[in-house]
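The structure appears below as structure tokens.
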Ligand SMILES: O=C(O)CCC(=O)C(=O)O
């Protein structure tokens with residue numbers, strides 16, 4: 001197991017500046033990691049997963065629609081949870097053996113309001129090192145709901161679970177919007193305050209999201225149970241390590 005960590009750590013994947021941003025701001029955007037032909041296939045597979053209305057794994061929220069278990073939705077998504085920048089960020093931020101906790105498709109619906117700043121922990125949950133990620137299936141820009149962050153908030157000794165706009169103004173903080181072309185990934189610390197902004201366009205904003213946690217922590221999804229035989233047959237030993245199966 002430690003061999004995987006050594007291997008991941010020995011490869012590049014994130015520059016010193018990227019790692020610094022992850023430390024200081026709590027997030028980093030790595031642009032254009034998915035080549036256009038691969039992105040076209042991924043986009044089609046994403047739409048197919050969302051069109052499958054027989055799925056019991058669809059959750060319709062106030063502003064977004066999620067389809068769970070993207071590890072088992074096709075080979076197009078296999079690379080998303082083992083790409084080197086993401087794994088490097090896990091080594092750096094988690095600093096011990098880690099595993100994927102969840103990976104799902106999430107569409108921000110057209111004309112949806114902003115979400116509200118929050119962290120990726122439940123209100124009374126004890127926090128631990130958590131690396132979240134958002135793959136941009138569409139371009140993320142200011143008017144279609146790009147994710148916003150409150151830089152550095154993961155380092156506050158008292159991190160609020162949520163922060164209202166009034167509190168934001170009162171404390172004199174301002175958010176930074178994480179824009180990027182389709183095929184980019186946002187990697188962030190689960191303790192940094194973030195939200196999706198308002199989607200003021202008539203088009204959905206598609207993404208694949210998930211999180212990595214220490215290997216000893218309770219995963220959102222136990223991948224050994226719902227693992228499809230096709231997935232198991234095609235994924236790499238590295239993927240199996242990351243899924244803890
Ligand atoms: O979809 C987004 O832009 C951010 C959503 C998110 O990270 C969350 O709800 O925790």
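The values are calculated or read from the model by the stated rules, or taken from the named source; none is laboratory data. All figures in this text were calculated on a predicted structure; none of them were measured in a lab. Counting neighbours? That spans all protein chains shown, and the Cβs are built from the backbone with ideal geometry, glycine included.
Structure values in brief
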| quantity | calculated |
| --- | --- |
| The stretch 106-134, subset within 11 Å of the ligand (Cβ to nearest atom) and outside any loop (DSSP other than H, G, I, E, B), residue nearest to residue 165 (Cα to Cα) | 117 |
| Listing of helices (runs of 4 or more DSSP H) fully contained in the stretch 150-245 that carry 2 or more residues being surrounded by 14 or more Cβ atoms within 10 Å (Cβ to Cβ), in contact (Cβ under 8 Å) with a residue 12 or more places away in the chain and touching a helix residue (DSSP H, G or I) at 6+ places or on another chain (Cβ under 7 Å) | 237-243 |
| Matching entry among 138, 69 (being touching a residue at least 24 places away in the same chain (Cβ under 8 Å), surrounded by 19 or more Cβ atoms within 10 Å (Cβ to Cβ) and under 23 Å from residue 202 (Cα atoms)) | 138 |
| The one condition in (1) at pLDDT 95 or above; (2) in contact with a strand residue (DSSP E or B) (Cβ under 7 Å, 6 or more places away or on another chain); (3) surrounded by fewer than 23 Cβ atoms within 10 Å (Cβ to Cβ) that residue 133 fails to fulfil | (3) |
